[in-house]
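Here is the structure we will look at.
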Amino acid sequence: MSPDTPEPERARERTDGTDARTGDAVPRTGNAPWPGDGAWPAREQPPGWPGGLPVPAGTPVTAPGADPLAGYPGVVAQLPGADAGRSGRPLLTALAVVALLTALGVPLGLLWAWAAPATPVRQTPAGAVYATTQPEQPIAADGWFSLLTLGFGVLAAIALWVVLRRRRGPAGLVAVTLGGLGAAVVAWQVGRRIGLSTFQRLVETAPPGTAFTKPVDLRAGGVDWYGPLPLPHGNLLLAAFGAAVTYTLLAGWSRWPSLRPEPELDATWPPPPPGFSSAPGDQPAR
C-alpha cells in the first residue's frame, strides 16, 4: 500500500496478517514482523490500536514509541530527578551531615590537645605566670589547631562529595560548611578543657615556686556574643573555609551539569531481538 491509500483500505489488513475481506494472507517482506508480533511502527499502527496505551511487550526498543529503558529499573533510578518526589530527603540528609561533622569535632579536639604543646607556667605570690618571657607554646597551639581544622574541612568536603553523589548541590555545600564550623567549635572546647580543672586547682592552691603547665587554648580565635547570637571568628572559621572552597572546586571540575553522575544511555541500550532488521527493504508491506 502507499501512503495515499485511504484509511478504509488500510483497515482491510488485520493484525494477524490476513485481509479482512477475503481472509487471504497478505505478503510480508523479509523478516519484518507482523503487528501481532508487537513491532508495528508507530506511524503504521492500525486504526484499532488504543491511543495513549503503552507499547505492547516485546516491541523492539528501536521501534518508534518504545521505551528504551523498559525493564531496566536500575538505570531509571540513576537518572537525575528520579527521586524528585522525595522532597524531605535532601533536608534530612543535610541535617545528618551537619550533626555528624559536628560530632567529629570531639576526636579532632582530642587530637589537637595531644599534638599541641602545653605552656609551662610558674606559681608566684602574685599568681601563675609564664615560665619564660615570650613562650612559643601558645603560638604552636594556634598553628596546630589551624592545620588540623583546615585539613578536616578539606577531607570532609571530599568525603561528602564521594559518598553522597546523589545529593550534590547547594544543600551539600551548606551542610559541609556548617558542619565544619560546628566541628571547629566543638574541637576547641574539648581540647581546651583537657587538664583545665587541674590547672585551675594548682593556680589556686599551689605554693609559690611550683612549676606546672597550662592546657592548650586559642589566642587567634574564639566566639563573640551579640546578645543570643554567637559569632565565631579567627581560626575557628578555617574548617568551614576549607570545606566550602574544596566543595566548590569539586563542583567546578565536575563533568556533569547537575553535579550528579548521569548514566551513559548508549552503554546500557539493550540490543534488538533476534531476527529484527531496521533495513529499508525489511519494512512491512504497504
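The values are calculated or read from the model by the stated rules, or taken from the named source; none is laboratory data. Here the structure is a predicted model, which is why all the values come from computation and not from measurement. Please note: Cβ atoms are built from the backbone with ideal geometry, for glycine as well, and neighbour counts cover all protein chains shown. The area values use the complete protein model at the heavy-atom level, side chains included, leaving out ligands, DNA and RNA. Shrake-Rupley method; radii C 1.70, N 1.55, O 1.52, S 1.80 Å.
Order TRP225, TRP253, TRP188 by their accessible area, 1.4 angstrom probe, all chains in place, largest first. Walk me through the numbers before you get to the answer.
Details: TRP225 165, TRP253 195, TRP188 35 Å².
Highest to lowest solvent-accessible surface, that is TRP253, TRP225, TRP188.
Scalar couplings 3J(HN,Hα) for the range 204-219, obtained by applying the Karplus form with A = 6.51, B = -1.76, C = 1.60 to θ = phi - 60°, are 7, 10, 5, x, x, x, 6, 9, 8, 10, 9, x, 5, 7, 9, 10 Hz; x denotes Gly and Pro.
Magnitude of the Cβ-charge dipole of the range 155-210, K/R +1 and D/E -1, about the Cα centre, nearest 20 debye? Write down the numbers at each step before the final one.
On the way: 7 positive and 1 negative charges, 86 e Å.
In debye, rounded to 20, the range 155-210 gives about 420.
Report, by chain and number, residues whose modeled amide H sits under 5 Å from the one on THR119, excluding near sequence neighbours (fewer than 5 apart, same chain). Here the answer is LYS214, since their amide H atoms fall under 5 Å of that of THR119.
From the C-alpha gyration tensor of the range 159-271, pull out the three semi-axes of the equivalent ellipsoid (sqrt of 5λ each), sorted largest to smallest, in whole Å.
One finds semi-axes of 48, 15, 10 Å for the range 159-271.
Taking Cα centre as origin and charging only the Cβ of basic (Lys, Arg, +1) and acidic (Asp, Glu, -1) residues, the dipole magnitude of the range 151-271 rounds to 160 debye.
Two numbers describe the Cα atoms of the range 148-190: Rg and Dmax, which are 10.8, 34 Å.
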